[in-house]
Structure formats: structure tokens, C-alpha cells
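Trainee: Could you have a look at this structure, given as C-alpha cells, before my questions?
The values are calculated or read from the model by the stated rules, or taken from the named source; none is laboratory data. Nothing here was measured: the structure is a model prediction, and the numbers come from that model. So basically every Cβ, Gly included, is an ideal-geometry build from the backbone, and we count neighbours across all protein chains shown. Quick note on the areas: whole protein, heavy atoms, side chains included, nothing else; ligands and nucleic acids left out. Shrake-Rupley method; radii C 1.70, N 1.55, O 1.52, S 1.80 Å.
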Amino acid sequence: MPAERLTYESRRKQASDSLRARGIAALLLSPGSDLAYLAGYRVFASERLTCLIVGADGGATLVVPELESPRAKAAAPDLAQRTWGETEDPYALVASLVTAKGDVAVADQMWSLFVLRLQTALRGRGFQLASVVTRGLRMRKDAYEREALRAVSAAADRAFPRILERKFAGRTEHEIAVDLAALLRDEGHDEVTFTIVGSGPNGASPHHETGDRSIAPGDTVVLDFGGTREWYCSDITRTVHVGTDVDAEVRRVHDVVLRSQEAGYAAARTGATAASVDGASRRVIEDAGYGERFIHRTGHGIGLDGHEHPYLVRGNEERLEPGMAFSIEPGIYIPGRFGVRIEDIAILGDDGRAEPLNRADHAFAIVR
């Protein structure tokens, strides 16, 4: 039986309780993951304002353009709805629904077009970021969310051994990326968000833009790929080598990165700080003499967004709690030569330990 999802109504109640505790009048959420989390309605942002108002008094109303009303009602039938026509002022409508005194908190990634007009309509109120409320709710995944993350991670795992069966040498990064995207969809992803294929010196750029470089024997190739299944995100990285003639330093670096990831897993425990997990992974790489080549944080949270809180990075003293999901992805990047990154998603379990969701082979794979 699938795990039971917390109802959207219960999530909104938690948000309202948090608003009251902080003295904030309302959340104003435009299309994005916060709105999806609290309403079950996912829609792309457009120049027409869609806004979920969650009040400190426990009320909630979805303001939508009239032409989108049927879709919104189908997705969120339990939610009060107000519509606006093409010649009406949606900002005045939103303002009329904020009845409590105090600041309002707006979606962190709300377009400035909307924020500036809402500031005019709600003149005299302070504006805060919605994440002061939504961050704490979304970081701790419920049973349904944990199951969704397990399922999408397993789907990504299944794609990896299948890509290893494809020929790499003589093909372009783009061709491998197209194959990876097809495999992700075939294994159950609804959408493919990214397929980074960094071959040879391109692997030294962690966010390399996959291009037309032809992959050659002797290349080390970083494969970083993921997407969504039922809104929840996957993200996995493995590093492979083309041909059996592997440089000794490449093998050594791969071993160091794998040991660094293992140290991160060992450090990820309930009560540990996010910074301490980063530190544990980083020390292994520093001790091996590659500290300056580990140029990014050890991990990021994941859920409805591919990158969300908590961030496993130096200086983040936030303590880990059961239900938090995050990547552990150390890497070493040698400019002009190659890069190695190994990434898995983990969930902090109720037993206080990090449960790996990705179980695809970590061995340094040799491809044709």
C-alpha cells in the first residue's frame, strides 16, 4: 500500500499555525513548489497572476485567472477559489483577502512584476520571504514524500546500467545525453530535467553545458542526470571511463571521491550540523591533496525542487532531522584534464541514520 500523504488542508493548517506564531498576516504564493505543496496545484507562471493566500486565521483562497478556473478546481477541489477576468485587477482582489494585521510573506521566487504590484495594493505592510514558513514544513518529508523520492531515485538507478551498454567512443556528449533522457523516461520519469555529460576536460566543469565534443578512448566522463516522477525529483551522478587504459591519477581521484562520499554518509546523523557533513567529506579530499579542487558544497536538499533546503555547506549550522532529504556529492575537478563526481540522494531516517536512495553501482565503470 502506498504511504498516506498528509492532506493539503493539514499542510495549510501547519502553515497558518506558523504564520500566527510569527505574527505574519498571510502567505502569498505564486506558481511554484510552495503552492504545489500546500494546494496540490502545479501550473507554470505566466503574466496572469495566480496566487494562493493562506491566512494566519486558517483560511485559504486560490486566486486564479478565469480561464484557468476549471483546471484549478479539478486539481484542488477542496480549496476556496476566486477568479478574475481579463479587465479586472487581481492585485486588489488579493489585497482584499488579507484581513489580518501584519506583514505578508511572498513566494521566494515570485516574479518582480507581481511583487511590485502587490506592494502597491498592500501599501503599508512589510514583505517577507515565504520560506520563513514553508522551509521548515517542506524540509521534513512525510511518509508519502519519502516513498516518492525512493521511487524516482530507483528509476534513475535503473537508467544507469543501461547507459553503460551504449557505445561512448566516437559519439558526442549530446548523443549520450539524448540516450540518457530516453532511458530516464523509459524507467518511469515523467520529465527529464537535466542530462549533463562532461567528457575529458569538460568534466572539470561541474555544471558543464553538454555539447558536441566527440568522446574519445581515454576520456573520463561525468554523467549527472535527473528528472521528476509525480513531481518529486531525482539527481544522481556517476563517473565512467572510456576504454581500459586508465591513468593512475584518474583511478586515485575516483577512489578519493568515493571515500569522501562514504565519510559524508557516516557523518549524516540526526543532530549533526549540515556543515559537519560537508566538513567530513571535505577532509578526505583535503587529506589527499585535492582540497582546492573540491569547489562546491557537499550537498543540497531535494524534494519538489531539485535544489532546496537543507544545504550541506560550510557555515550552515542547521541540525539535521529525520525526514530531511539531501544529496551527498563530493567532487574533484582538474582543469584542462578531467573531473570526478559521485552523487546519491539520501533521506535521514527515523533511526537517525542516512538512508541511501540511489544504489546504482559506485565502481569506476569502464565503457566502450
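Trainee: Would you work out what percent of the accessible area of the range 1-126, with all protein chains in place, is carbon or sulfur (probe 1.4 Å)?
Mentor: Result for the range 1-126: 51 percent of the exposed heavy-atom area is carbon or sulfur.
Trainee: Write down, largest first, the equivalent ellipsoid semi-axes of the chain in whole Å, where each equals the square root of 5 times an eigenvalue of the alpha-carbon gyration tensor.
Mentor: For the chain, the ellipsoid semi-axes come out as 42, 23, 18 Å.
Trainee: Using just the Cα positions, wrap the range 218-368 in a convex hull and report its mean projected area in square nanometres, one decimal place.
Mentor: Result: a mean projected hull area of 8.9 nm².
Trainee: Multiply the residue separation of Arg82 and Leu6 by 0.36 nm, subtract the distance between their alpha-carbon atoms, and state the gained length in nm to one decimal.
Mentor: Taking Arg82 through Leu6 to full extension adds about 24.9 nm, to one decimal.
Trainee: Rounded to the nearest 500, what is the 222 nm mean residue ellipticity of the chain from helices alone, with -39500 (n - 2.57) per DSSP H run of 4+ residues and division by all residues?
Mentor: Here the helix-only value at 222 nm equals -10500 deg cm²/dmol.
Trainee: A further question on this structure: So what's the angle, to the nearest 10 degrees on a 0 to 90 scale, between helix 8-22 and the longest Cα principal axis of the chain?
Mentor: It is inclined by approximately 80 degrees.
Trainee: Two decimals is fine: what's Rg over Rh for the range 1-71, C-alpha atoms, Kirkwood radius as Rh?
Mentor: That ratio is 1.01, to two decimals.
Trainee: Run through the DSSP bridge list for the chain and note the antiparallel percent, rounded to the nearest 5.
Mentor: So the antiparallel bridges in the chain amount to around 75 percent.
Trainee: A follow-up question, please. Would you mind calculating the gained length between Phe194 and Arg71 on full extension (0.36 nm times residue separation, minus the Cα-Cα distance), in nm to one decimal?
Mentor: Using 0.36 nm per residue and subtracting the Cα-Cα distance, I get 41.5 nm.
Trainee: Taking θ as phi - 60°, what are the ³J(HN,Hα) couplings along the range 72-82 by the Karplus curve (6.51, -1.76, 1.60), each to the nearest whole Hz, with x for Gly and Pro?
Mentor: Result, rounded to whole Hz: 5, 5, 5, 7, 10, x, 8, 10, 4, 9, 10.
Trainee: Over the chain, average the accessible area per residue using a 1.4 Å probe and give it in Å², no decimals.
Mentor: So the chain comes to 43 Å² accessible per residue, rounded to a whole number.
Trainee: Ok, one more. If you average 1/r over all unlike Cα pairs in the range 53-172 and invert the result, what Kirkwood radius do you get in angstrom?
Mentor: Across the range 53-172, the inverse of the average 1/r is 18.2 Å.
Trainee: Can you give me the distance in nm between label points at Thr99 and Asp186, each placed 7 Å from the Cα along the Cα-to-Cβ direction?
Mentor: Placing both labels 7 Å beyond Cα along the Cβ direction yields 5.6 nm.
Trainee: Moving to a separate point now. Leaving out ligands, DNA and RNA, and with a 1.4 Å probe, what % of the accessible surface on the range 234-285 is carbon or sulfur?
Mentor: 51 percent
Trainee: I would also like to ask the following. Skipping prolines and chain starts, which residues have an amide H placed within reach, meaning under 5 Å, of the one on Glu355, given they are 5 or more residues away or on another chain?
Mentor: Result for Glu355 returns Ile347, Leu348, Gly349.
Trainee: Shifting gears a bit: Looking at the chain as a GNM with Cα springs under 10 Å, which of Leu93, Leu312, Leu184 has the largest mean-square fluctuation?
Mentor: Leu93
Trainee: Then there is this: Treat each spin label as a single point 7 Å out from the Cα along the C-beta direction, and report the Asp212 to Glu249 distance in nm.
Mentor: Distance between label points: 3.1 nm.
Trainee: Using the Karplus curve 6.51 cos²θ - 1.76 cosθ + 1.60 with θ = phi - 60°, work out ³J(HN,Hα) for each residue of the range 323-330 in order, rounded to whole Hz, and write x for Gly and Pro.
Mentor: Working through the residues one at a time gives x, 6, 10, 7, 8, 10, 9, x Hz.
Trainee: Pairs of lysines 8 or more apart, or on different chains, with alpha carbons under 30 Å: count those in the chain, would you?
Mentor: Lysine pairs satisfying the spacing and distance rule in the chain number 5.
Trainee: Just check the range 120-264 against the gyration tensor rule for me: Cα atoms, a ≥ b ≥ c as the square roots of the eigenvalues, rounded for a/c under 1.5, and otherwise prolate or oblate depending on whether a/b exceeds b/c.
Mentor: prolate
Trainee: Still on this structure: Assigning unit charges at the beta carbon (Lys, Arg +1; Asp, Glu -1) and nothing else, what dipole magnitude in debye, to the nearest 20, does the chain show about its Cα centre?
Mentor: Result for the chain is approximately 600 debye, rounded to the nearest 20.
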